[in-house]
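The values are calculated or read from the model by the stated rules, or taken from the named source; none is laboratory data. Every value quoted in this text rests on a predicted model; they were computed, and no experiment measured them. Neighbour counts run over all protein chains shown; Cβ positions are idealised from the backbone, glycine included. Just the protein is used for accessible areas: all its heavy atoms, side chains included, with ligands, DNA and RNA removed. Shrake-Rupley method; radii C 1.70, N 1.55, O 1.52, S 1.80 Å.
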Amino acid sequence: MFHYDFMQHAFIAGTIVAIMCGAIGVFVMARGLSFITHSFSHIGFSGASFAIYVGWDPLEGLLLFTTVGALSIGRMGVKFFRREASISVMLSVFLGLGILFLALTPQSGSFTSTILFGSVVGISLKDVWVIVILTAALLCLLTLGYKMLKFDSFDPVGAEAAGLPIRFISVAFLLLLSVGVAEAVQIVGALLVFALMTIPASTARHITQSVFMMIVVSAVLAVLGVWVGLTLSYLTSAPVSFYITAFEALCYFLALGWSALKAKYQPMKMAA
Amino acid sequence: MIKKFCVDQIDVYINGEKLLDHLSFSVQPGEMLGIIGPNGAGKSTLLKVILGVIKPQHGTVEITHNDRRPVIGYVPQARAIDEEMPIQTWDFISLGLPHRLRPWLTKRDRAVIKETMELTDTSHLAKQPIGKLSGGEKQRVFLAQALVRNPDVLLLDESTANLDPKAQEEMASLVHELCVQQNISTLFISHDIHLVSKYSHRVLYLTRGHYTVGSAEEIIDNANLDVLYQLQHVNGMAQTAVETMRYGG
């Protein structure tokens with residue numbers, strides 16, 4: 001299958017996006033932002049639809065809408081957006097907007113499917129380069145801010161007490177997340193970004209003992225999911241995103257079972 | 001070592017009500033100042049004023065060091081730690097290190113963490129996930145995270161709350177020992193008069209809009225203590241406990 005250019009592009013882009021999703025997903029889980037990630041994918045959907053409507057590249061619309069969304073959420077405060085009502089209003093409004101832009105665009109049928117479910121096999125060499133540059137920038141910033149982000153994500157009260165700029169960290173992370181979502185939407189689609197950003201990190205949480213290992217395992221699982229998805233999709237013609245989510249979900253339930261077994265057979269530690 | 005730690009005439013209003021009224025005191029290096037007072041008296045607010053999180057409407061907090069910017073270590077009252085997250089005690093303590101942009105630990109960082117863990121008796125917990133520790137162990141780890149920054153001033157907000165009496169005693173004794181050994185000016189908030197009087201060099205008794213600073217004996221002998229614990233309303237056991245503190249036995 002590697003003699004096809006589109007498969008080479010798919011594997012390169014898929015691997016890079018998976019590494020990014022796996023790494024960023026650990027902080028998404030630690031900060032309790034999984035549903036905000038889901039909201040970003042819906043915002044991204046309307047952004048991509050808008051781009052198609054005005055004749056732009058879908059990635060440009062995705063980036064524009066998700067980054068503006070990140071800044072708005074950061075300005076209003078993440079706590080406000082964690083409210084159930086706020087999230088459901090956001091999801092509905094942006095999904096509605098996306099549908100409106102697609103309805104206004106003639107012959108938008110194939111775009112709808114691409115944005116909602118992803119189209120990893122339709123990625124051009126130019127798209128691969130854009131993904132490589134964006135991911136490299138994103139991972140560099142994540143590495144540079146790793147210590148502060150880890151502190152604020154795993155011990156928010158302690159981070160505030162130590163004088164960290166927690167508001168800045170929160171907005172900066174939302175911006176990184178919005179760029180990550182915009183990239184991942186192209187691979188797994190708006191509906192399943194959530195899966196690649198959260199399931200590998202949730203699995204890693206059950207089988208690792210440190211934050212660093214959680215990032216490594218989460219990234220490895222995301223990459224394996226994309227590789228399995230692409231290979232099986234090539235062989236069976238079923239959608240890539242189905243195989244990715246099925247693989248990630250299988251790993252998650254196996255890890256959950258292993259973790260439960262480990263807890264059952266480990267001697268109980270008495271709490272003081 | 002700090003040159004000066006002085007709270008001078010501070011006024012703080014919360015929701016239009018005066019919580020701290022012309023509050024003044026100073027703390028010496030290596031001195032442990034216990035803070036007691038009823039709920040809502042402004043104890044935690046005072047620590048936040050010292051941290052610079054809350055700006056007083058009047059007065060100043062002056063902390064100066066002989067040759068560098070003073071470092072403040074703070075152990076907050078409530079801590080939200082996700083017990084499912086795989087963060088080891090060693091890693092958790094390392095979060096308190098002062099550098100911000102270097103993602104890795106140097107040899108020096110590792111030595112500082114090791115030394116702090118030995119001081120706080122948490123070395124044996126190094127590889128344990130923080131979420132699986134007991135209440136007393138967690139408090140020692142929180143203290144270690146604040147100490148790893150090598151603070152000149154240490155602020156502890158009810159660090160012994162929710163611990164059993166033995167763990168409370170161990171924690172207060174550890175804080176006292178570290179405060180004296182490391183020359184750290186320490187503010188220790190607690191509702192336990194026994195702990196405060198036993199381990200603090202002086203006591204700040206705070207009620208809404210009023211305060212008294214003095215030795216533990218002076219504060220305990222002061223009639224204000226009856227107001228603080230509203231002895232006319234509590235049961236005989238509490239009365240006996242305070243009487244024991246006052247007269248021994």
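The residues in the stretch B:83-113 that are more than 7 Å from chain A (Cβ to nearest Cβ), open to solvent by 40 Å² or more (accessible area, probe 1.4 Å), closer than 30 Å to A:LEU256 by Cβ and touching a residue at least 40 places away in the same chain (Cβ under 8 Å) can be counted, and the count is 1. Would the stretch B:118-132 turn up any residue that is at the interface with chain A (Cβ under 9 Å from one of its Cβ atoms) and either small (Gly, Ala, Ser) or under 18 Å from B:ILE35 (Cα atoms) (or both)? Scanning the stretch B:118-132, I find no residue that is at the interface with chain A (Cβ under 9 Å from one of its Cβ atoms) and either small (Gly, Ala, Ser) or under 18 Å from B:ILE35 (Cα atoms) (or both), so the answer is no.
Determine if the stretch A:28-46 includes at least one residue that is modelled with pLDDT of 85 or more and farther than 25 Å from A:ILE169 by Cα. Yes, there is a match, as at least one residue in the stretch A:28-46 is modelled with pLDDT of 85 or more and farther than 25 Å from A:ILE169 by Cα. Among the helices (runs of 4 or more DSSP H) confined to the stretch A:119-211, the ones with at least 3 residues that are at pLDDT 85 or above and more than 10 Å from chain B (Cβ to nearest Cβ) are located at A:125-144, A:166-188, A:193-207.
Okay, residues lined up against (1) more than 22 Å from B:ASN150 (Cα to Cα); (2) assigned by TED's automatic domain parsing to the domain that holds B:ASP157; (3) not in a strand (DSSP E or B):
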residue	(1), (2), (3)
B:ASP8	yes, yes, no
B:ASP11	yes, yes, no
B:LEU19	yes, yes, no
B:ASN39	yes, yes, yes
B:GLY59	yes, yes, no
B:GLU62	no, yes, no
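One residue alone among B:ASN66, B:ASN39 is open to solvent by 30 Å² or more (accessible area, probe 1.4 Å), touching a strand residue (DSSP E or B) at 6+ places or on another chain (Cβ under 9 Å) and away from every other protein chain (no Cβ under 14 Å), and that residue is B:ASN66. Checking each residue in the stretch B:149-192 for being modelled with pLDDT of 90 or more, surrounded by 23 or more Cβ atoms within 10 Å (Cβ to Cβ) and β-branched (Val, Ile, Thr) picks out B:VAL175, B:ILE184, B:THR186, B:ILE189. Within the option set A:ALA137, A:ALA162, being over 19 Å from A:GLY25 (Cβ atoms) and open to solvent by 10 Å² or more (accessible area, probe 1.4 Å) holds for one residue only, A:ALA162.
Are any of the residues in the stretch A:216-223 in contact with a Phe, Trp or Tyr (Cβ under 9 Å, 6 or more places away or on another chain) and either open to solvent by 50 Å² or more (accessible area, probe 1.4 Å) or in a helix (DSSP H, G or I) (or both)? Yes, the conditions are met somewhere in the stretch A:216-223.
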